[in-house]
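Let me begin by presenting the structure, written as structure tokens, before commenting on it.
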């Protein structure tokens, strides 16, 4: 650029626009003349007092705005800067313009047409983001994300800029306060990306929504994208990611939850694209465990899993807080970076927690030896989270273990003594619930607890027969038991909630479940003690390895209305 043009650009930086005006005719003319002479787009970022903060020169097609996304902005406010730039070809606001408007949270995006013959300003085109609520986005109507002002020449612009922006921010704050009062919880958008069938993705997202509710989050919206392959950098495609971030800004989301485990590089890329908190399915499950852990052992196990998850995801920051520390007196070496220090501290903490868990494991082993000396068989109740395991334990043993209709309500294993119908005493264990894609670090941290299952003489696999995805839950539990090498232990499959499932439906489920692998099956209601005797008799028979009686090898259906049991044959129920 010529020296004269550079001086004129410097003068633009010294100019001031009246705060109420989007742009003045004189200022617009100075911009378009420089743009016409250089053949480049020229842009400025103006604050709400009218001062020019940045002057930017691009090419013929676009300008490159500074990256403000690492600078946090209040949740119900825009950035306080409007972008005014030139368009050399008289085009509308481009998709890049609108993306920058949304992702950088600018007050306004303004484009001034440059007359190709004279270099004078033509129409001024402007757009701003439209605040909305999650309810409006979910009402089935197409709500535009942007509002476009009517194109006019600079002299005819009659919009009071400050009044417009203040009204938009007031609406954003009002929507946010209304949601806060109604729910009082953090707000999340759920994101699923799949290369498989949409049906499987929807089932997984439904479970993620249950997990979010169990964590105390308010789910504002959910997005599912089907792709040929997962983007190694941002998981989503670029266009879908921009749509997601715009949507999150409009509804006032606090965090975005991905229905898959994110790699450290993906977390970094997504965090660079937005100032919202980004978490994945594994981190959400870990957070739920952290909320529910009450015993010392449970808290240690959860902390260990969280640290193992965090360690590869520690990244360096962009500020001086991560600059290198001095190497000590007498040595002016580079020392450790703060990142290296953080990693070292995390590793040290992991080693300490590993030792504590090993000590707890040995104590558990001693308790198990004591039970073995008493020759008491061990029965463990296993199953998907929220299947009713603690309820069954309470009903069988008249206990008061905490029960709640939420995922992972039980984290700390509980053991109770139980007498079976034929005067046989056993130890009954309530265990941590399983879930699909359970984080490996969590399984590793809970190995001391899972050892309780490995020493069992019988597993009661409890299934929530009223759940619409009971088949997937059964398969997930079977897969985890296989991964833990627990398939060698005899299992009794128990279908719960016979009190709310129709008898013919329960009968069909029983036949379907028992056909595979000749499983031992029975239906019960964990809330109804009358329904539990056949289950206990089958458990006693399995422990005694006495499976010769035909009534004990066929699925048994409990009828809630009559309180009677019937054996389900291949052709149907037989009284």
* P(r) of the stretch 3-180 over all Cα-Cα pairs, binned every 10 Å from zero, in whole percent -> 9, 38, 35, 14, 4, 0
* By how many nm would the segment from residue 291 to residue 310 lengthen if fully extended, with 0.36 nm per residue of separation less the alpha-carbon distance? -> 5.1 nm
* Structure fact -> Between the alpha carbon centres of the stretch 208-224 and the stretch 448-525 the gap in Å comes to 27 Å
* Asked: Can you pull the three principal axis extents for the Cα set of the stretch 262-303, in Å, largest first?
  -> 39, 17, 13
* Structure fact -> Using the Kirkwood formula on alpha carbons, the hydrodynamic radius of the stretch 419-512 in angstrom works out to 15.0 Å
* **Approximate shape of the stretch 196-293 as ellipsoid semi-axes (Cα gyration tensor, √5λ), whole Å, largest first** => 20, 16, 14
* nm² value of the averaged projected area, convex hull over the Cα atoms of the stretch 1-96 -> 7.0 nm²
* Asked: Using 0.36 nm per residue, how much length does the chain from residue 12 to residue 162 gain when fully extended, once their Cα-Cα distance is taken away?
  -> 51.9 nm
* Could you work out the relative contact order of the stretch 185-288, using alpha carbon pairs under 8 angstrom and six or more residues apart, expressed as a whole percent? => 35 percent
* Structure fact -> Listed with the fewest Cβ neighbours within 10 Å leading, 37, 242, 26 appear as 26, 37, 242
* What list do you get for 97, 275 if you sort them by fewest beta carbons within 10 Å? -> 275, 97
* Sorted peptide list for 146-157, 385-396, 503-514, criterion being average Cβ within 10 angstrom, highest first -> 385-396, 503-514, 146-157
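The numbers here are math on the coordinates, done by the rules we state, and not lab data. Please read all numbers here as calculations on a predicted model, not as lab measurements. We place every Cβ from the backbone using ideal geometry, glycine too, and count neighbours over all the protein chains shown.
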